[in-house]
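Structure, as structure tokens:
The values are calculated or read from the model by the stated rules, or taken from the named source; none is laboratory data. The shown structure was predicted, so the numbers you read here are calculated from the model rather than taken from an experiment. No Cβ is skipped: glycine too gets one built from the backbone with ideal geometry, and neighbour counts run over all protein chains shown.
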């Protein structure tokens, strides 16, 4: 007989049911007393480790800091790997005037060209061209009204002011000496300096008695400013060449004063394709470095919790693992 409290045989309850494996009934499995700890398991109320404190690495500030470090490193490496630098000798043209300022050349186009700096005959220029070609160069510009009426400016760029001073001295000795143009039947008539140009030199050469008829006179000036040595030449009549060379020298000196005797021949280019690819790669690497550690920590935490839950649902009876299932 039932006293009214027995459960119906097939009635579902909230009581946990255990299954010990094939050939056994859940009624045959031993019930664990309330509060009992299964063998091999950990009592979460007693032995469970304290909840770990929040991971600093997951905080927004630390995530942002890692991203910034990667981006900074990528930017520094970019300036070393990606840029391509080459020497642009046409920039030497900025060291010479585009107009002569002389009436006879007013309608004459200027002819500018980069000279071979290894064939100047000046030892300092030749040595500098071999050692530091990106900081050495020679450029000339010329105007020609006729075969016997010519003007021009030549600029020598040296690596430093000391090299420029040495080149100026060598040029004076070789090209402005008393017998520098004896082979051309020219004799030096006058030397001096150009008014208003400190440290400048001027020399005028006229045809000697052995010169063929119609040989033009020649005037040269030399000046230097910073890393640049400038030479002006005028060919024409003896009465005017000195003045013409001085006018060219004054225009050149004014130009060098504006430029402070400096020009940068090195040109650095940043290829667009490489730059975009580098930027994308840096962004991906930065994101990975910033967020992957957080993802790995969260994954390990989920696995730990799953393991603890699995262990909490196990009991061992006579060496056999019994898994608790709720029906």
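Looking only at residues in segment 210-224 that are free of Cβ contacts under 8 Å to residues at least 60 places away in the same chain and either over 14 Å from residue 187 (Cα atoms) or under 41 Å from the mean Cα position of the chain (by Cα) (or both), which one is surrounded by the fewest Cβ atoms within 10 Å (Cβ to Cβ)? Write out each step before concluding.
Pass one, segment 210-224, residues free of Cβ contacts under 8 Å to residues at least 60 places away in the same chain: 210-213, 215, 217-223.
Okay, now just the ones that are also either over 14 Å from residue 187 (Cα atoms) or under 41 Å from the mean Cα position of the chain (by Cα) (or both), so 213, 221-223.
Details: 213: 5, 221: 29, 222: 25, 223: 23.
Restricting to residues being free of Cβ contacts under 8 Å to residues at least 60 places away in the same chain and either over 14 Å from residue 187 (Cα atoms) or under 41 Å from the mean Cα position of the chain (by Cα) (or both), the top hit is 213.
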### Query
Among the candidates 178, 239, which residue alone is modelled with pLDDT under 95 and in contact with a strand residue (DSSP E or B) (Cβ under 6 Å, 6 or more places away or on another chain)?
178
### Query
under 20 Å from the mean Cα position of the chain (by Cα) and closer than 22 Å to residue 142 by Cα: does that describe residue 280?
no
### Query
Considering only residues of segment 190-209 that are in contact with a strand residue (DSSP E or B) (Cβ under 6 Å, 6 or more places away or on another chain) and surrounded by fewer than 16 Cβ atoms within 10 Å (Cβ to Cβ), which is farthest from residue 229 (Cα to Cα)?
208
### Task
Quickly run through segment 290-311 and pick out the residues that are farther than 30 Å from residue 72 by Cα and either surrounded by 12 or more Cβ atoms within 10 Å (Cβ to Cβ) or at pLDDT below 70 (or both).
301, 304, 308, 311
### Query
In this structure, does residue 145 turn out to be in contact with a helix residue (DSSP H, G or I) (Cβ under 7 Å, 6 or more places away or on another chain), under 25 Å from residue 254 (Cα atoms), at pLDDT below 95 and part of a strand (DSSP E or B)?
yes
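Look at residue 114 and say whether it is over 40 Å from the mean Cα position of the chain (by Cα), more than 14 Å from residue 233 (Cα to Cα) and either surrounded by fewer than 21 Cβ atoms within 10 Å (Cβ to Cβ) or free of Cβ contacts under 8 Å to residues at least 24 places away in the same chain (or both). Outline the logic, then answer.
Working: over 40 Å from the mean Cα position of the chain (by Cα): no; more than 14 Å from residue 233 (Cα to Cα): yes; either surrounded by fewer than 21 Cβ atoms within 10 Å (Cβ to Cβ) or free of Cβ contacts under 8 Å to residues at least 24 places away in the same chain (or both): yes.
Taking the combined requirement at face value, the residue does not satisfy it.
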### Task
Provide a single number: the residues in segment 70-82 that are surrounded by 12 or more Cβ atoms within 10 Å (Cβ to Cβ), part of a helix (DSSP H, G or I) and either free of Cβ contacts under 8 Å to residues at least 12 places away in the same chain or touching a helix residue (DSSP H, G or I) at 6+ places or on another chain (Cβ under 6 Å) (or both).
7
### Summary
Out of (1) in contact (Cβ under 8 Å) with a residue 40 or more places away in the chain; (2) buried (at least 16 other Cβ atoms within 10 Å of the Cβ); (3) in contact with a strand residue (DSSP E or B) (Cβ under 9 Å, 6 or more places away or on another chain), the one residue 85 does not meet is (2)
